[in-house]
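> Quick one: this structure, given as structure tokens, is what I'll be asking you about.
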Amino acid sequence: MEFSNINIVDVLPGIFLVTASVLAMLSIAIKRNHIFIFVVTTTSLMGVFLYLIFYASNHKFNVEPLFVIDGFGTFVTGLIVMSALAVSLLSYAYFEQREERKEEYYILLLLATLGSDILVISKHFVSFFLGLEILSISLYAMVAYLRKRNKSDEAGLKYLILAAFSSAFLLFGMALVYSASGSMDFSGIASYVASNPTLPLPLFAGMCLLVVGIGFKLGVVPFHMWAPDVYEGAPAPVAAFIASISKGGMIVLLVRFFDQINGFQYPVLVLAFACIAVASMFIGNILAIQQTNVKRILAYSSIAHMGYIFVAFLAGGELGKEAVSFYLVAYFLTIIGTFGVIAILSDHDRDAELLDDYKGLFWRHPKIAMVMTAMLLSLAGIPLTAGFVGKFYLITSGANAQLWWLVIVLVVSSVIGLYYYIRIIAMMFEKMEGTDELALHPRLYLINLITLVVISVLIIFYGVYPQGLIDRIRDFLY
């Protein structure tokens, strides 16, 4: 396996993240300091983001045979890095008030971000699996990080077992695809597929196993069993990471792979993904209605949102890729902000995950209640929010590809989803006597509140004026 000659500047994002994680590890060995590790993490993530803006936005190249650095990958890499920065900002106050050792968490966060970044620029099965395992192994520990909680170990163990099963499916699928095509490079597989208008049995079996493995990683129906338990047991910032960054990386890789091999020419593959999308949209929303735990509601909500994104994925083409990119921005901002509110309301003993925890929140903490309202309205796709524009984009791409039945299912299931979002909002505005104070240092509270306000402003801004973001997406993609 030979690599083309590359400039070290071209791979700076990965170098930044690896260096920051090593520096954090060495500093822990010398002396534990939560503030120092936090500063190293946030500075590194900000440095990577600035690099992507000022250098990599119009810089396209291949690192043969594993990676392709193009506009789509660069845009989503920037989104992942900024989302990880938001998660780290929300994590500082969350872990500061807990007795567990905090510093190793940031090493895991940096490595998980690196794994997701590798996924979005992969064009080879080796880099695909490398990025996936860097991401997954980091998440195993992050999910079970607060071991003193009753459900933390259980959530980590469930995620470990089911993620290991999904990795096995992926590896077996890759082996079958390789045995049929003789290549692990996406372009080599595409060349073989182009010469075989009908799927040979080994290739078909391999594709089916890949769909199963990817379905587990995305948490879509019928591979969603782990999601609600893992979200409930994981720390709130970790649940935000799983719901956004880890799933976003896999979505982008799926779009790249399917587009590369022109999977749209095989009706059986399209039908399989369409059935997964329909089941995810309906079952995700219907099961969310039955929950009284906010984390579990958001888990089932994320299942439905993955189904929504599949509409644009199946639409394909330039419009489909634009819709996926815009919706990922809106969804990342919204879901991280929602879990950020859970994090800021959580105390030393447990997360603020029950519906009763939000009863009368507007009368107790009006600023936090307004932020949470903005997040929930965006998740529901209400006008003047980024979530509404994102769903409109998805519907447009689906209609453009004449996927009318998927568009109808998207609209109907979104209406069903309104119920549980409005229920949480109604709980927050319910009149309640008395007030309580957040048991958090004012400086820590301010860090979280500023982060959530910035996210809220972006959600409203992109809902009122989406054209700026759309133009930026097109600049990267084309």
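> Taking only pairs six or more apart or across chains, which ones have beta-carbon atoms under 6 Å, a first residue in the stretch 378-395 that is surrounded by 22 or more Cβ atoms within 10 Å (Cβ to Cβ), and a second residue that is among the basic types (Lys, Arg)?
Sorted first by the residue in the stretch 378-395, then by its partner, the pairs are GLY381/LYS391.
> For the condition crowded, with 24+ Cβ neighbours inside 10 Å and over 18 Å from the mean Cα position of the chain (by Cα), what is the one hit in ALA272, ALA315, ALA330?
Details: ALA272 fails: crowded, with 24+ Cβ neighbours inside 10 Å; ALA330 fails: over 18 Å from the mean Cα position of the chain (by Cα).
Result of the check over ALA272, ALA315, ALA330: ALA315.
For (1) modelled with pLDDT under 80; (2) among the polar types (S, T, N, Q); (3) under 30 Å from SER183 (Cα atoms); (4) surrounded by fewer than 16 Cβ atoms within 10 Å (Cβ to Cβ), each residue gets a yes or a no:
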{"site": "PHE49", "(1), (2), (3), (4)": "no, no, no, no"}
{"site": "PHE54", "(1), (2), (3), (4)": "yes, no, no, yes"}
{"site": "PHE61", "(1), (2), (3), (4)": "yes, no, yes, yes"}
{"site": "PHE67", "(1), (2), (3), (4)": "no, no, yes, no"}
{"site": "PHE72", "(1), (2), (3), (4)": "no, no, yes, no"}
{"site": "VAL81", "(1), (2), (3), (4)": "no, no, no, no"}
{"site": "VAL87", "(1), (2), (3), (4)": "no, no, no, no"}
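> For the stretch 153-179, how many residues are surrounded by 19 or more Cβ atoms within 10 Å (Cβ to Cβ) and over 19 Å from ASP229 (Cβ atoms)?
6
> Right, next: Could you list, in sequence order, the residues of the stretch 336-355 that are assigned to a helix (DSSP H, G or I) and either polar (S, T, N, Q) or at pLDDT below 85 (or both)?
THR338
> Still on this structure, please answer the following. Looking only at the stretch 230-249, count every residue that is within 14 Å of ILE297 (Cβ to Cβ) and either surrounded by fewer than 24 Cβ atoms within 10 Å (Cβ to Cβ) or not hydrophobic (A, V, I, L, M, F, W, C) (or both) and tell me the total.
So the count comes out to 2.
> Does ARG256 satisfy being out of contact with any helix residue (DSSP H, G or I) (no Cβ under 6 Å at 6 or more places or on another chain), surrounded by fewer than 24 Cβ atoms within 10 Å (Cβ to Cβ) and among the basic types (Lys, Arg)? Before you say what the answer is, go through the steps one by one.
Working: out of contact with any helix residue (DSSP H, G or I) (no Cβ under 6 Å at 6 or more places or on another chain): yes; surrounded by fewer than 24 Cβ atoms within 10 Å (Cβ to Cβ): yes; among the basic types (Lys, Arg): yes.
Spelling it out, ARG256 is indeed out of contact with any helix residue (DSSP H, G or I) (no Cβ under 6 Å at 6 or more places or on another chain), surrounded by fewer than 24 Cβ atoms within 10 Å (Cβ to Cβ) and among the basic types (Lys, Arg).
> Condition first: surrounded by fewer than 14 Cβ atoms within 10 Å (Cβ to Cβ) and in a helix (DSSP H, G or I). Now tell me which residues in the stretch 16-38 satisfy that.
Once the filter is applied, which keeps residues that are surrounded by fewer than 14 Cβ atoms within 10 Å (Cβ to Cβ) and in a helix (DSSP H, G or I), the stretch 16-38 yields VAL22, LEU26, ALA29, ILE30, ILE35.
> Would a scan of the stretch 98-119 turn up a residue that is within 21 Å of the chain's Cα centre (by Cα), aromatic (Phe, Trp, Tyr) and part of a helix (DSSP H, G or I)?
Yes, the conditions are met somewhere in the stretch 98-119.
The values are calculated or read from the model by the stated rules, or taken from the named source; none is laboratory data. These figures come from a predicted structure and were not determined experimentally. All Cβ positions, even for glycine, are placed from backbone atoms using ideal geometry, and neighbour counts span all protein chains on display.
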